[in-house]
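Nothing in this text is a laboratory measurement; each read-out follows from the coordinates by a stated rule. Computed from a predicted structure; not experimentally measured. Ideal geometry is used to build each Cβ from the backbone, glycine not excepted, and the neighbour counts take in all protein chains shown.
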Amino acid sequence: MDSREQRAAQIADRFRIVESNGQFFVPSQNLADKKYAVRIGKNSSFCDCPDFELRQEPCKHVMAVKLTIQRELNFDEQKRLQRQLKLQDRLSERRIRKNGRRTMRHR
């Protein structure tokens, strides 16, 4: 992980990234009142910070947004899987009660 990626992870961990009308607003690590506008597309990304404008490559703000999105997708997937497992457990319990006996099931 390079230093830009490390700073992106710090931003994603410490700051609240807000989305509005397809743009994400990422707080500056150095300037208390400054937020950078980030847009993420299928094939390209944009940030209005000086680093992105100079290099035209993903900056720490773009990386922080992508990391935040990935974390939220993973969290949502975990919640979906937990709901699915609970449903399977309830269905198993109903089958056991219906049959009137308990059996060991291996997962």
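Going by how many other Cβ atoms sit within 10 Å of their own, how do Ser45, Ser28 line up, fewest first?
So the ranking, lowest neighbour count to highest, is Ser28, Ser45.
Angle between the Cα long axis of helix 3-14 and the longest principal axis of the chain, 0 to 90 degrees, nearest 10?
60 degrees
As an exercise, use a Förster radius of 22 Å and the Cβ-Cβ distance of Asp76 and Lys42 to find the FRET efficiency, rounded to the nearest 0.05.
Using R0 = 22 Å, I get an efficiency of 0.65.
For a label point 7 angstrom out from the Cα of Ser92 toward its Cβ, which stretches of the stretch 64-84 have the backbone nitrogen within less than 17 Å?
81-84
Go ahead and estimate [θ] at 222 nm for the chain from helices alone: -39,500 (n - 2.57) per DSSP H run with n ≥ 4, summed, over the residue count, rounded to 500.
-18500 deg cm²/dmol
Find out how many positive minus negative residues lie around Pro27, taking Lys and Arg as positive, Asp and Glu as negative, among other residues whose Cβ is under 10 Å from that of Pro27.
+3
Sum up the lysine pairs in the chain that clear both bars: alpha-carbon distance under 23 Å and a spacing of 8 or more or different chains.
Number of lysine pairs found: 8.
Taking the Cα atoms only, what angle lies between the long axis of helix 60-99 and the longest principal axis of the chain, rounded to 10 degrees?
Long axis of 60-99 versus the principal axis of the chain: about 10 degrees.
Using the Cβ atoms and a cut-off under 13 Å, what net charge is assigned to the surroundings of Glu77, where Lys and Arg are +1 and Asp and Glu are -1?
For residues surrounding Glu77, the net value is +2.
Roughly what % of Cα-Cα distances in the chain sit above 18 Å, to the whole percent?
Every Cα pair in the chain considered, those over 18 Å come to 59 percent.
For Asp2 and Glu19, compute 0.36 nm times the residue count separating them, minus their Cα-Cα distance, and round to one decimal in nm.
3.5 nm
Given H placed on each backbone N at 1.01 Å, which residues far from Asp48 in sequence or on other chains put an amide H within less than 5 Å of it?
Answer set, sorted by chain and number: Ala37.
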